[in-house]
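In what follows, a single structure is set out as structure tokens and then discussed.
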Amino acid sequence: MSRLHHSDYPALDLNGDNYLDWAMNTSADLKSKGLGKCIKYGNDTLAYERRRAVLIMRKHLVKDLYDECSYINDPYDLWSRLNTMFFEPLLDESMKEWKALRFQDYESVDDYHFDLVRITYSLKLCGGAITNYDLLSKTRDTIHSKEVLLSQKAKGFTTYYDLLSYFSALEKKK
């Protein structure tokens, strides 16, 4: 059985759906080869290091994306171009999802928690800092207004996971 190496990961799709995974894998791959600084602004890398980094990055692009970016010969410029194409829209979409997320819109606590974790993971990968307070506030502030007692009880919790456990236990009693 062969071992999975850093360089064995899927190519970046043309639509950018796997951008965050691609960026993490590519960054790790470059770092493991001593080329991590090539994608940083103002780096002092040698020409052969930059060429090698670009080759590694291009190797993990689908053909159409490879062709679209074939004129870019500097790893920082390539990284920046792909970041502009995929990262910024992903961050915007994740922020919209976060703002629209409401506890009252879910049938089950697990469904709400699943989406909350998915969205916060995406935001964290995009550099956002989601705190326990943010999770608590998001959940408490989006409980349906008809659930006055539940809303009051929720204000007594200091950690999101304690609140989640409480809601899960209530749901099981129903």
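Any read-out appearing in this document is the output of simple, stated calculations on the displayed coordinates, not a laboratory observation. Worth saying up front: this structure is predicted, and the values here are computed from it rather than measured. Here the Cβ positions follow ideal geometry from the backbone for every residue, glycine too, while neighbour counts run over all protein chains shown.
What to note about this one:
- Checked against a 27 Å cut-off, the cross-linked pairs Lys138/Lys173; Lys146/Lys173; Lys37/Lys96; Lys40/Lys138 give Cα-Cα distances beyond that limit for Lys37/Lys96; Lys40/Lys138.
- Inter-probe distance in nm under a simple model that places probes 7 Å from Cα toward Cβ, at Ala28 and Ala11: 2.1 nm
- Listed residues Ser80, His113, Met95: farthest to the positive end of the dipole of the stretch 69-116 (Cβ charges): Ser80
- Taking amide H as placed 1.01 Å from N in the peptide plane, Thr142 has its amide H under 5 Å from the amide H of Phe103, each at least 5 places away in sequence or on another chain.
- Modelled label positions at Tyr121 and Thr158, each set 7 Å beyond Cα in the direction of Cβ, lie 2.9 nm from each other.
- Helix 47-59 axis, angle to the chain major axis (alpha carbon atoms, nearest 10°): 50 degrees
- Contour excess over end-to-end distance, with Cα ends at Thr142 and Arg102 and 0.36 nm allotted per residue: 13.9 nm
- Its convex hull of Cα atoms gives the stretch 101-173 a direction-averaged projected area, equal to a quarter of the hull surface, of 4.6 nm².
- The simple spin-label model puts a point 7 Å past each Cα toward its Cβ; for Ser151 and Lys172 those points are separated by 2.8 nm.
- Residue order for Cys126, Cys38, Cys69, fewest other beta carbons within 10 angstrom first, comes to Cys126, Cys69, Cys38.
- Phi-based couplings in Hz for the stretch 115-128 (Karplus 6.51, -1.76, 1.60; Gly and Pro marked x): 5, 4, 5, 4, 5, 5, 4, 4, 5, 5, 5, 8, x, x
- Per-pair calculated FRET efficiency, R0 = 25 Å: Asn73 and Asn18 via Cβ, rounded to 0.05: 0.55
- Residue-wise HN-Hα coupling along the stretch 104-110, computed from phi with Karplus coefficients 6.51, -1.76, 1.60 (Hz; x: Gly, Pro): 5, 7, 10, 6, 9, 5, 4
- Among the trypsin sites (Lys or Arg not before Pro) in the stretch 66-154, those located in a DSSP loop and surrounded by at most 13 other Cβ atoms within 10 Å of their own Cβ are Lys146.
- Gaussian network model of the chain, springs between alpha carbon atoms under 10 Å - residue of Thr139, Thr159, Thr26 with greatest fluctuation: Thr159
- Long-range amide H partners of Leu61 with built H, under 5 Å: Leu12
- Kirkwood hydrodynamic radius of the chain, from inverse mean 1/r over distinct Cα pairs, in Å: 18.9 Å
- 3J(HN,Hα) along the stretch 87-93, derived from phi through the Karplus expression 6.51 cos²θ - 1.76 cosθ + 1.60 where θ = phi - 60°, amounts to 5, 4, x, 5, 4, 4, 5 Hz, with x in place of Gly and Pro.
- Calculated [222 nm] ellipticity per residue, helices only, for the chain: -18000 deg cm²/dmol; basis is -39500 (n - 2.57) per DSSP H run with n ≥ 4, divided by all residues, nearest 500.
- Listed from fewest to most Cβ neighbours within 10 Å, the set Val117, Val54 follows the order Val117, Val54.
- For chymotrypsin sites (Phe, Trp or Tyr not before Pro), the sites in the stretch 26-99 that DSSP calls loop and that have at most 15 other Cβ atoms within 10 Å are Tyr41, Tyr71.
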